[in-house]
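Asks: Quick one: this structure, given as structure tokens, is what I'll be asking you about.
The values are calculated or read from the model by the stated rules, or taken from the named source; none is laboratory data. What you see is a predicted model; the values in this text were computed from it and never measured. Cβ sites come from the backbone with ideal geometry, for glycine too, and all protein chains shown count toward neighbours. When the accessible area is computed, the model is the full protein with side chains, heavy atoms only, and any ligands, DNA or RNA have been set aside. Shrake-Rupley method; radii C 1.70, N 1.55, O 1.52, S 1.80 Å.
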Amino acid sequence: MSVAIAVLAGCGPSEGLSLDQPGHKDSQGDDTGKSHGTNPLDNPDGVEPGLARITSDKDRADARDLIDKVTTKGRGPKTGYDRDEFGYAWADNADDVPLAHNGCDTRNDLLKRDGAEVKYRSGSDCVVVSMTLYDPYTGDTIEWRKEDASEVQIDHVMPLSYDWQMGASRWSDAERKRIANDPLNLLPVDGSANSAKGDSGPASWLPPAKGIRCSYAVRFAQVSLKYDLPVTAADKETMLDQCA
């Protein structure tokens, strides 16, 4: 999870996004309406908007196959961890990740990717002053305004502190900057859900909306596999359970 609160901004109109209107939530906090965003199995680079549910038997089987490839080890010490070890927050100059080096910082790129009805500050094609976010973690529709910046935050799906403890402490600065700014590892979400997650792995925290949990597990696995980072045995077991 990012320790920085997102003061939200975007890089251009949200053209080409086709996000369904949200459904109602049941008593378990699960969005029982249509899914929003993109199936993570169809979005291995994280450049498509949002995080859609995985619902078909075939996709759930494919999800388990993917998660099963993740390696496991015990969580190492947090000694020496600092957010700054992963570079300046939302740097546009990370190498070898999509959307970088385009003149807008990472946070802005993500809001362009996932936001709907995005409006920008006068004279800017990056600074968002209002937007609609269909939050995958809670199933809520958030009508965000710049005055309430912390209502939406940018989540590192595989938290940076977790990365540090699972091996990133031994990486180069460039590699740590890469995972911190990779759109595959980043989602704009409800701020309170992001704060509740902290640096937890899936065994300790899952999105409140139950219907999105398999997709969340897949995205966690995609980051783990891309960066050759293991997860704990308990986290892997929990991830597999979400797609059973």
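Asks: Rounded to two decimals, what is Rg over Rh for the chain when you use alpha-carbon atoms and the Kirkwood radius? Intermediate values should be presented prior to the final figure.
Replies: Numbers: Rg = 16.8 Å, Rh = 17.9 Å.
Taking Rg over the Kirkwood Rh, I get 0.94.
Asks: About the Cα centre of the chain, how large is the charge dipole given +1 on each Lys and Arg Cβ and -1 on each Asp and Glu Cβ? Please answer in debye to the nearest 20. Working shown, then result.
Replies: Values: 28 positive and 41 negative charges, 84 e Å.
Once rounded to the nearest 20, the dipole reads 400 debye.
Asks: Need one value: the accessible area of residue 36 in square angstrom, 1.4 angstrom probe, rounded to the nearest 10.
Replies: 30
Asks: For the range 163-244, compute Rg over Rh where Rg is the Cα radius of gyration and Rh is the Kirkwood radius from the inverse mean 1/r over Cα pairs.
Replies: Values: Rg = 12.9 Å, Rh = 13.5 Å.
Reported Rg/Rh, Kirkwood definition of Rh: 0.95.
Asks: Accessible area of residue 64, 1.4 Å probe, to the nearest 10 Å²?
Replies: Taking all protein chains as shown, residue 64 has close to 80 Å².
Asks: Go through the range 167-172 residue by residue and turn each phi into a ³J(HN,Hα) via Karplus (6.51, -1.76, 1.60, θ = phi - 60°); whole Hz please, and just put x for glycine and proline.
Replies: x, 5, 4, 9, 7, 6
Asks: Compare 79, 132, 72 by solvent-accessible area with a 1.4 Å probe and give them largest first, with all protein chains kept in place. Walk me through the numbers before you get to the answer.
Replies: Values: 79 115, 132 5, 72 70 Å².
Largest accessible area first, the list is 79, 72, 132.
Asks: Something else about it: Using the Karplus curve 6.51 cos²θ - 1.76 cosθ + 1.60 with θ = phi - 60°, work out ³J(HN,Hα) for each residue of the range 103-118 in order, rounded to whole Hz, and write x for Gly and Pro.
Replies: For the range 103-118, the Karplus-derived couplings read x, 10, 6, 4, 4, 5, 4, 5, 6, 5, 5, 9, x, 10, 6, 6 Hz, x marking Gly and Pro.
Asks: Another question, then. Counting only residues 5 or more places away or on other chains, whose amide H sits under 5 Å from the amide H of residue 186 once H atoms are built in the peptide plane?
Replies: Here the answer is 157, since their amide H atoms fall under 5 Å of that of residue 186.
Asks: Apply the Karplus curve 6.51 cos²θ - 1.76 cosθ + 1.60, θ = phi - 60°, to the phi angles in the range 67-73 and return the couplings in whole Hz, x for Gly and Pro.
Replies: 4, 5, 6, 5, 8, 10, 6
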